[in-house]
1. Looking at segment 75-95, which of the residues that are within 13 Å of the chain's Cα centre (by Cα) and open to solvent by 20 Å² or more (accessible area, probe 1.4 Å) is nearest to A132 (Cα to Cα)?
2. Taking the condition of being aromatic (F, W, Y) and more than 15 Å from G115 (Cβ to Cβ), how many residues in segment 34-83 meet it?
3. List the number of the failed condition for L116; all other conditions in (1) touching a residue at least 60 places away in the same chain (Cβ under 8 Å); (2) part of a loop (DSSP other than H, G, I, E, B) hold.
4. Of the residues A90, A66, which single one is touching a helix residue (DSSP H, G or I) at 6+ places or on another chain (Cβ under 7 Å), modelled with pLDDT of 95 or more, outside any loop (DSSP other than H, G, I, E, B) and over 25 Å from P188 (Cβ atoms)?
5. Test of understanding: among E159, E134, which residue is among the acidic types (D, E), open to solvent by 40 Å² or more (accessible area, probe 1.4 Å) and over 20 Å from H50 (Cα atoms)?
6. Tell me, which residue of segment 178-197 that is surrounded by 16 or more Cβ atoms within 10 Å (Cβ to Cβ) and modelled with pLDDT under 85 is nearest to I154 (Cα to Cα)?
7. If you scan segment 143-167, which residues turn out to be at pLDDT 95 or above and either part of a loop (DSSP other than H, G, I, E, B) or not β-branched (V, I, T) (or both)?
8. Which residues, taken from segment 4-45, are open to solvent by 60 Å² or more (accessible area, probe 1.4 Å), in a loop (DSSP other than H, G, I, E, B) and in contact (Cβ under 8 Å) with a residue 24 or more places away in the chain?
Amino acid sequence: MPTVFDQLLERFHGYLASVDSTLVADAVARIDWDMPSRPLEPRPLSCLRHLDRIAEAATQDARLLARFVADHREELRWGQTYTATDFGQAFIDNYGWLEVLGARGYFVNDAVAAGLLILGPDIVYPDHHHTAEEIYIPLTGGTEWRMGGGGFRIRDAGEVIHHASNVSHAMRTGKEPLMALYVWRGGPLAQKSTIGSKGRN
């Protein structure tokens, strides 16, 4: 009998495999999907209150994954890399991630980390950067993204956003919350991002 976590991985893999992108297809092909699992205790966060709205707002392709996560939110282990000292309490109350596979996920992988990020409405995720290359796919629309020295621009749900190693990036939500799928590779998979911009990449 598949566990909730097996079903989560199946839906996560299914969505990733459906994305029409050479970059994403390469990332999917490099993952050994037959990974050992690890038991993790549930950990709820305040940001989970946005999940029902996220499931409604997700694209048709992403709705199966988003609805599954919303329905099983209390069974999952949600994480936060930052504290209120970094970005303030309002950010912490509207931020969290769920690592599906990687150094901290349900499925052990030392080469790739992948999961889901949540940001509530009217939240700014300030400039930050990290060693690992990052691929983001927003599952909901309306969020503005910035990379390097550029300005913010709205990115569509389903659009593939690529951050090369140590390129600064930031996000800000509008009236709707964000759920974005992420893939980290080529660097420390549990590294806390460095806050602030890094030159004009």
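The values are calculated or read from the model by the stated rules, or taken from the named source; none is laboratory data. Just so you know, these numbers come straight off a predicted model, no measurement behind them. As a convention, Cβ positions derive from the backbone with ideal geometry for all residues, glycine included, and neighbour counts pool all protein chains shown. The area values use the complete protein model at the heavy-atom level, side chains included, leaving out ligands, DNA and RNA. Shrake-Rupley method; radii C 1.70, N 1.55, O 1.52, S 1.80 Å.
1. The residue in question is T81.
2. Residues flagged as aromatic (F, W, Y) and more than 15 Å from G115 (Cβ to Cβ) within segment 34-83 amount to 1.
3. Condition not satisfied by L116: (2).
4. Of A90, A66, the one residue that is touching a helix residue (DSSP H, G or I) at 6+ places or on another chain (Cβ under 7 Å), modelled with pLDDT of 95 or more, outside any loop (DSSP other than H, G, I, E, B) and over 25 Å from P188 (Cβ atoms) is A66.
5. E159
6. So, considering only residues that are surrounded by 16 or more Cβ atoms within 10 Å (Cβ to Cβ) and modelled with pLDDT under 85, the one nearest to I154 (Cα to Cα) is S197.
7. If the condition is that a residue be at pLDDT 95 or above and either part of a loop (DSSP other than H, G, I, E, B) or not β-branched (V, I, T) (or both), then E144, W145, R146, F152, R153, R155, D156, A157, G158, E159, V160, H162 are the ones that fit.
8. The answer is D32, P36, R38, E41, P42, P44.
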